[in-house]
Amino acid sequence: MKGIYQHFRPEEGEILTLLNSKFEQASNNYYAVLTDFLNPREQKMIESLSGQYPDISVHYYGGGKNSERERLRALLLPEYFVYTADDFEITVFEVSYPDKFVTLSHRNLLGAIMSIGVDRALIGDIVNGDKIQFAVTSPFADLFKRELTKIKNAPLKLTEVPHNDFIDAHVNTKAVSILSSSYRIDSIVSLVLKEGRAKSKERIEKEKVKVNHSIVDEPSFIIETGDIISVRGFGRFTVTEQIAETKKGKYRLEVMIVTDN
């Protein structure tokens, strides 16, 4: 286990320990264990931990087709166990509202959902396309129906839909190559947002920047490949590749920017 912790940041130790306890439950007690919705970084942790438990298989599901889902629940199964989609306990809602008078963005909907007071881990993908849909853990479905009745002063209605009707999230992205003097988050954010480094540093110190869905307030925080960076008021981007160090001592990084948030 110590070797696995070395591959992740010290501040991620708590979630690693929690996820490892899920494996221990499944292995020691010989029963299926279901996680909350996991972001891509947490899914990577699950994959790293799974090597320590050869008797446990890992299965993912986020509702509908998994191909384009970002947030997934993991089901940890001992040998010889079988499962169905129902075992993931996911409810998919479709949102109805007066769209002739109100325009809702992904950010609007997420803000309204979070205002209910539930943990982000209980919410799966939010899709804002031809329809607005989102997934939640089934035990909290009634709470959402009861509490999520208005957004931007407009009434809305939640209707449960079959998993097969959960549309894929077609996210528009743009690949950008940047040259940074370091892997510090303030340097990378300033280059992606095309703003002064001092302004990016201020954003971070004011807790307006998240890495892998957790607030980062240290401008010297070091970014790694695969990190998802969210900047309030801008959107999010992912560092997809750290290509090389140039002769002038700078680092070339490939960044994928989400353009439709």
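Go through region 13-37 and give me each residue that's under 29 Å from VAL216 (Cα atoms), without any contact (Cβ under 8 Å) to a residue 60 or more places away in the chain and not basic (Lys, Arg). Give the steps one after another, and end with the answer.
Start the filter on region 13-37 by keeping residues that are under 29 Å from VAL216 (Cα atoms), which leaves 13-23, 34-37.
Restricting the remaining residues to those that are without any contact (Cβ under 8 Å) to a residue 60 or more places away in the chain gives 13-23, 34-35.
Of everything in region 13-37, those that are under 29 Å from VAL216 (Cα atoms), without any contact (Cβ under 8 Å) to a residue 60 or more places away in the chain and not basic (Lys, Arg) turn out to be GLY13, GLU14, ILE15, LEU16, THR17, LEU18, LEU19, ASN20, SER21, PHE23, LEU34, THR35.
Close Cβ contacts (under 8 Å, 6 or more residues apart or on different chains) running from residues in region 129-141 that are in a loop (DSSP other than H, G, I, E, B) to residues that are open to solvent by 10 Å² or more (accessible area, probe 1.4 Å) comprise GLY129/ILE167; GLY129/ALA169; GLY129/HIS170; ASP130/ILE167; LYS131/GLU94; LYS131/VAL95; LYS131/ILE167. Among the residues of region 216-246, write down those that are under 19 Å from LYS44 (Cα atoms) and without any contact (Cβ under 8 Å) to a residue 24 or more places away in the chain. If the condition is that a residue be under 19 Å from LYS44 (Cα atoms) and without any contact (Cβ under 8 Å) to a residue 24 or more places away in the chain, then THR225, SER230, THR238, GLU241 are the ones that fit.
The test for being under 25 Å from VAL211 (Cα atoms), open to solvent by 70 Å² or more (accessible area, probe 1.4 Å) and not hydrophobic (A, V, I, L, M, F, W, C) holds for GLU47.
Can you pull out the residues in region 232-261 that are among the aliphatic types (A, V, I, L, M), open to solvent by less than 70 Å² (accessible area, probe 1.4 Å) and more than 17 Å from ASN172 (Cα to Cα)? Working first, answer last.
Residues of region 232-261 that are among the aliphatic types (A, V, I, L, M), as a first pass: 239, 243-244, 253, 255-258.
Those still in the list that are open to solvent by less than 70 Å² (accessible area, probe 1.4 Å) too: 239, 244, 253, 255-258.
Result: ALA244, LEU253.
Scanning region 151-170 for residues that are open to solvent by 100 Å² or more (accessible area, probe 1.4 Å) and within 13 Å of VAL136 (Cα to Cα) yields a single hit, GLU160.
The values are calculated or read from the model by the stated rules, or taken from the named source; none is laboratory data. These numbers were taken from a predicted model, which means no experiment stands behind them. A quick note on method: Cβ atoms are made from the backbone with ideal geometry, for glycine too, and the neighbour counts reach across all protein chains shown. SASA here: full protein model, heavy atoms, side chains in, ligands and nucleic acids out. Shrake-Rupley method; radii C 1.70, N 1.55, O 1.52, S 1.80 Å.
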